[in-house]
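Data block below; observations after.
Derivation of every value follows stated rules applied to the coordinates shown; laboratory data play no part. As the structure is a computational prediction, the values presented were derived from the model and not from experiment. In this analysis, Cβ positions are derived from the backbone assuming ideal geometry, glycine residues included, and neighbour counts consider all displayed protein chains.
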Amino acid sequence: MNCKLFIFLFLAFCCLAPSGCANVGNDTANNTLTETATNASINPGDSNRNAGLRSSIKIEPNSPADVVRTFYKYLREHKFREAIFLTNLRPAIEGLTETELREYQVDFERIGNAIPENIVISGEVISGDRATVMANLPGEDPDKTEVQKIELRKDGDVWIILSVDEAAEARIKKEGKNYFRLLRIETHEDEARDMLDRISRAEFAFAMQKGGEFADLETLIKAGLLPNDVRTAESTGYNYKLFLSDSKREFTALATPAEYGKSGRLSFLLYSDGTKTPQIISRDNGGKPLSR
């Protein structure tokens, strides 16, 4: 949730037609790429001799490995349209105008900023119209990389990355350019519920140290119990407000869409009198705050 807003620049000419991204090896068509990779077949019995052993795989232009390499290159460069055109998410973005695409700036940059500078391609397996590429990518711990498998499918003469499963791909084809808008709404609503749960836990952690008294948002943030972005809807899509009773032994927290129908549809309310398990209620209230 601690995402910073950066200036998002789009190229004047992006891939807008199916043929626009067919040749994903344009950056490398005139030279052979070689990626250094960890040798996955080191003999355990030769651990001393092979310690730190590195090998290389040759990456041919327009091959599955080249598509993966180009995809992450585009993400790092924040060329999100070009990157997504290399995946089965393409129907969700090819109908978007540049103005519409900019609306997802913060959401896409969360991904782009997490891509390491060097992606190590460690293997490529092709079987008919399917392929698997192995690469070192951030795992659950964003500060560490691990070998992950990236699946691809050949459509005509082009390899595409399977970013989503068949069910999601069918949904994307059905919703088209509305897919990211609806997905963002769902994501922001899930995050709003999670944030209210986090506020609840922060309040009780604070109260345990303060004789049962709760605190306002700023106090919880300064105590390191809540992230800074709870102050603004810039990255969360929701406005958060916290109200304390005069005795500071009851609190009510609200989460309301910053832009109804765009950043979220559901409004949320969390209430606690300090004696019962806090409950979160939500409903579509037309973008207005809920009340008890």
In sequence order, calculated HN-Hα J values of the stretch 153-160 (Karplus, 6.51, -1.76, 1.60; Hz; x Gly/Pro): 10, 8, 10, x, 9, 10, 8, 10
Whole-Å distance, taken between Cα centres, linking the stretch 198-272 and the stretch 140-185: 33
What are the ³J(HN,Hα) values, in whole Hz, obtained from phi via the Karplus relation 6.51 cos²θ - 1.76 cosθ + 1.60 with θ = phi - 60°, for each residue of the stretch 175-184 in sequence order, with x given for Gly and Pro? 8, x, 5, 7, 4, 5, 5, 5, 5, 5
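How big is the charge dipole of the stretch 144-292 about its Cα centre, in debye rounded to the nearest 20, if each Lys and Arg gets +1 on its Cβ and each Asp and Glu gets -1 on its Cβ? Please list the in-between numbers first.
On the way: 25 positive and 25 negative charges, 47 e Å.
The dipole of the stretch 144-292 has a size of about 220 debye.
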What ³J(HN,Hα) values, in whole Hz, does the Karplus curve 6.51 cos²θ - 1.76 cosθ + 1.60 give for the stretch 231-239 when θ = phi - 60°, with x put for Gly and Pro? 6, 9, 8, 4, 10, 9, x, 10, 9
Between G264 and residues 5 or more places away or on another chain, which pairs have amide H atoms under 5 Å apart, with H built 1.01 Å from N, and which residues are they? E259
